[in-house]
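**Student:** Have a look at this one.
The values are calculated or read from the model by the stated rules, or taken from the named source; none is laboratory data. For clarity, every value in this text was computed on a predicted model and none was experimentally measured. Cβ placement follows ideal geometry from the backbone for every residue including glycine, while neighbour counts extend to all protein chains displayed.
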Amino acid sequence: MTSHDLLILCAAGMLVSGYLIVGQKRLFTTIRLFALQSLLLGIVAATIAVTQSRHELFVTAGITIAMKSILIPWFLMRLIDRIGIHREIEPFLNVPVSLLVCLGLTVVGYRVSTGFPEAVGGARHHLIGVALSMLLIGMFLMVTRKKAITQILALLTVENAVFLVAVGVTPGMPLVVELGIAFDVIVAVLVLGIMVQRIVDRFDSMDVSRLSQLKG
Amino acid sequence: MTPVLSDALRAFGLAALQAVFLLAMAPLLKTLIKMMKARLQNRQGPPLLQGYYDLAKLLRKETVRSETASWVFVAGPRVYFAAAVSATTLVPVLISAAPLEAAGGVLLLVGTLALGRFALATAALDTGSPFGGMGSSRDMTIAALAEPALMLGLFTSGLAAGTLNLGALARSALQHGVTFHPSDVLAFAGLFIIVLAETGRVPVDNPATHLELTMIHEAMLLEYSGPDLALVEWASAVKELLYLTLLVDLFMPVGMATSAEPVALLMALVAWAGKVFVLAIAVTITESMNAKLRLFRVPELVSISLGLAFLALTIRFL
């Protein structure tokens, strides 16, 4: 197996885990799947670091794995444990329909990716295709799910997609920017976590659609 | 003897050998998964040969049939067994050629397995026992969803190689080396779920219980006893081994023998056993980590795999 194959394997694995997140209702499993997705992203970064000898990417890989596949999932699981809500009961769209929509989104993402001049040939085409598809799936997940936790995961999926392009296709970001983004993400998750707890305290539910109701 | 005739004879000889080989290995796989599952739960588990003991025991017992049962009930297990055995001859196992690949490829394989399923489902309906009917209805519901996904997954690999013949598929993968494409990963994920569904593994069905409310495959076998039951159990085990071998053939054919030399065959045997073992571990872990889904949630799971398989097929064109 060459590094090229490993890249494609990991990227496709990220897409598959994105799909399974859409198809899952148990929040613990979705969080684990997100952790897996981030781990695969870390492996992509490490592989590129080795093959193109861009050693600064090792830092990216390390940050990604430490934060997104260990720290954030741990935090979210603790949050769920404390709140005691374990399932996405009724999303706005049911699972088979969501999957169908995601299918269409992936096709769109892949089709669009062929238009990029960077996307000619080999792994890059697939990296851009997978990233665009995940971006669309993440956005779709954000608007169709009611639970605040799933929306956080959707945001993080979008983040992963952007990172995949940044790492795999562009010459890379300066380390300062990367650290900034990393801390941004973790602060965002913390703030959102606190928000979720507030929502639950107030409404006894994680359902964000209740936020639109006026309460006297 | 004309060359055509001798070729045909050799193909049938090889087919018989391969069928016997898979029939002999199948109970071992079943017990192996049972044992690994038990170990994960801190239990001792059955000895590795338990599958053979069970079959031997069942074959020695007498057959008890319901008075209302017709010939359909008698034919069911036999057709099911025959279908499973003939399906084994269509899949390359150790050599990168299926013994009877001239007869047909992917479509024939899926059709043969469907014939067996149909025979068992009608036989379960035949006695008029409510459980049998329930089991067949459930099995057919799942099969109707799983079969298209299985076909799409197989077509994805076929599209890459330009053939639907399983032997030719494996040969082209060996010749060109395994070139990775994201659709392979998607198709593998889809097919793995299908294998779980088709072999009655945990998220879909629980092979370890006879609970009335949940059982699917077991509900169809309730009326069977003795050698009839042994046939069905054996055929199910063969089907499971066959599905795992199919996954191995399609997605990781490395190590398969290209000629019938003894050394190459031995290497292929080791490689095949290793790969099937890895898949068996994956099945065991999925089975141990997940709870059985409610019956009405199963279509959701299968639709995930249908989606993955369809996507895999689409991405090939982009």
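**Student:** Working carefully through the options B:Ala197, B:Ala160, B:Ala144, B:Ala230, find the one that is more than 25 Å from B:Val93 (Cβ to Cβ) and among the small types (Gly, Ala, Ser).
**Tutor:** Numbers: B:Ala197 fails: more than 25 Å from B:Val93 (Cβ to Cβ); B:Ala160 fails: more than 25 Å from B:Val93 (Cβ to Cβ); B:Ala230 fails: more than 25 Å from B:Val93 (Cβ to Cβ).
It is B:Ala144.
**Student:** Residue check, B:Ala144 against (1) free of Cβ contacts under 8 Å to residues at least 40 places away in the same chain; (2) part of a loop (DSSP other than H, G, I, E, B); (3) not basic (Lys, Arg), all met but one. Which one?
**Tutor:** The number of the failed condition is (2).
**Student:** Quick check on my filter: what residues within the stretch B:94-105 are assigned to a loop (DSSP other than H, G, I, E, B), hydrophobic (A, V, I, L, M, F, W, C) and surrounded by fewer than 24 Cβ atoms within 10 Å (Cβ to Cβ)?
**Tutor:** Within the stretch B:94-105, B:Leu94, B:Ala97, B:Leu100, B:Ala102, B:Ala103 meet the criteria.
**Student:** Which residue out of B:Val278, B:Val302, B:Val238, B:Val202 is free of Cβ contacts under 8 Å to residues at least 12 places away in the same chain, farther than 30 Å from B:Glu67 by Cβ and either touching a Leu at 6+ places or on another chain (Cβ under 7 Å) or more than 13 Å from every other protein chain (Cβ to nearest Cβ) (or both)?
**Tutor:** Unique residue meeting the criteria: B:Val278.
**Student:** A follow-up question, please. Taking the stretch B:44-64 as the region of interest, how many residues are touching a Lys or Arg at 6+ places or on another chain (Cβ under 6 Å) and of a type in the set (A, V, I, L, M)?
**Tutor:** 0
**Student:** When the stretch A:1-30 is examined, which residues are found to be surrounded by fewer than 24 Cβ atoms within 10 Å (Cβ to Cβ), in contact (Cβ under 8 Å) with a residue 60 or more places away in the chain, assigned to a helix (DSSP H, G or I) and more than 9 Å from chain B (Cβ to nearest Cβ)?
**Tutor:** Once the filter is applied, which keeps residues that are surrounded by fewer than 24 Cβ atoms within 10 Å (Cβ to Cβ), in contact (Cβ under 8 Å) with a residue 60 or more places away in the chain, assigned to a helix (DSSP H, G or I) and more than 9 Å from chain B (Cβ to nearest Cβ), the stretch A:1-30 yields only A:Leu27.
**Student:** Moving on to the next point. Mind telling me which of the residues B:Leu311, B:Leu318, B:Leu250 ends up being within 9 Å of chain A (Cβ to nearest Cβ), modelled with pLDDT under 90 and surrounded by 20 or more Cβ atoms within 10 Å (Cβ to Cβ)? Walk me through how you get there before you give the answer.
**Tutor:** Details: B:Leu318 fails: surrounded by 20 or more Cβ atoms within 10 Å (Cβ to Cβ); B:Leu250 fails: within 9 Å of chain A (Cβ to nearest Cβ).
After applying the criteria, what remains is B:Leu311.
**Student:** A follow-up question, please. Taking the stated definitions as given, is B:Leu293 more than 14 Å from every other protein chain (Cβ to nearest Cβ) and out of contact with any Asp or Glu (no Cβ under 6 Å at 6 or more places or on another chain)? Steps first, answer last, please.
**Tutor:** Numbers: more than 14 Å from every other protein chain (Cβ to nearest Cβ): no; out of contact with any Asp or Glu (no Cβ under 6 Å at 6 or more places or on another chain): yes.
In short, no.
**Student:** Can you tell me which residues in the stretch B:165-178 are surrounded by fewer than 19 Cβ atoms within 10 Å (Cβ to Cβ) and of a type in the set (A, V, I, L, M)?
**Tutor:** Hits for the stretch B:165-178 are B:Leu174, B:Val178.
**Student:** Return the total of residues in the stretch A:104-117 being at the interface with chain B (Cβ under 8 Å from one of its Cβ atoms), touching a helix residue (DSSP H, G or I) at 6+ places or on another chain (Cβ under 8 Å) and surrounded by fewer than 20 Cβ atoms within 10 Å (Cβ to Cβ).
**Tutor:** Matching residues across the stretch A:104-117 total 2.
Results for (1) in contact (Cβ under 8 Å) with a residue 40 or more places away in the chain; (2) under 25 Å from A:Gln24 (Cα atoms), shown as yes or no for each residue.
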| position | (1), (2) |
| --- | --- |
| A:His125 | no, no |
| A:Met139 | no, yes |
| A:Lys147 | yes, yes |
| A:Leu153 | yes, yes |
| A:Val162 | no, yes |
| A:Val165 | no, no |
| A:Gly168 | yes, no |
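**Student:** Taking A:Val95 and the conditions (1) free of Cβ contacts under 8 Å to residues at least 24 places away in the same chain; (2) within 14 Å of chain B (Cβ to nearest Cβ), which numbered condition does it fall short on, given that it satisfies the others?
**Tutor:** (1)
**Student:** I need the full set of residues from the stretch B:261-308 which are charged (D, E, K, R) and modelled with pLDDT of 90 or more, in order please.
**Tutor:** Initial filter on the stretch B:261-308 (charged (D, E, K, R)): B:261, B:275, B:287, B:292, B:294, B:297, B:300.
Listed by number, the list holds a single entry, B:Lys275.
**Student:** Would you mind telling me which numbered condition in (1) surrounded by fewer than 20 Cβ atoms within 10 Å (Cβ to Cβ); (2) under 24 Å from A:Val187 (Cβ atoms) A:Pro91 fails?
**Tutor:** The number of the failed condition is (2).
**Student:** Among the residues of the stretch A:169-182, is there at least one that is within 14 Å of chain B (Cβ to nearest Cβ) and over 20 Å from the mean Cα position of the chain (by Cα)?
**Tutor:** no
**Student:** Where the second residue is surrounded by fewer than 15 Cβ atoms within 10 Å (Cβ to Cβ) and aliphatic (A, V, I, L, M) and the first is in contact (Cβ under 8 Å) with a residue 40 or more places away in the chain and lies in the stretch B:101-117, which pairs have Cβ atoms under 9 Å and are six or more apart or on separate chains?
**Tutor:** B:Ala102/B:Ala8
**Student:** Next question, about the same structure. Inspect the stretch B:81-104 for any residue being over 22 Å from the mean Cα position of the chain (by Cα), within 19 Å of B:His217 (Cβ to Cβ) and of a type in the set (A, V, I, L, M, F, W, C) and give the result as yes or no.
**Tutor:** no
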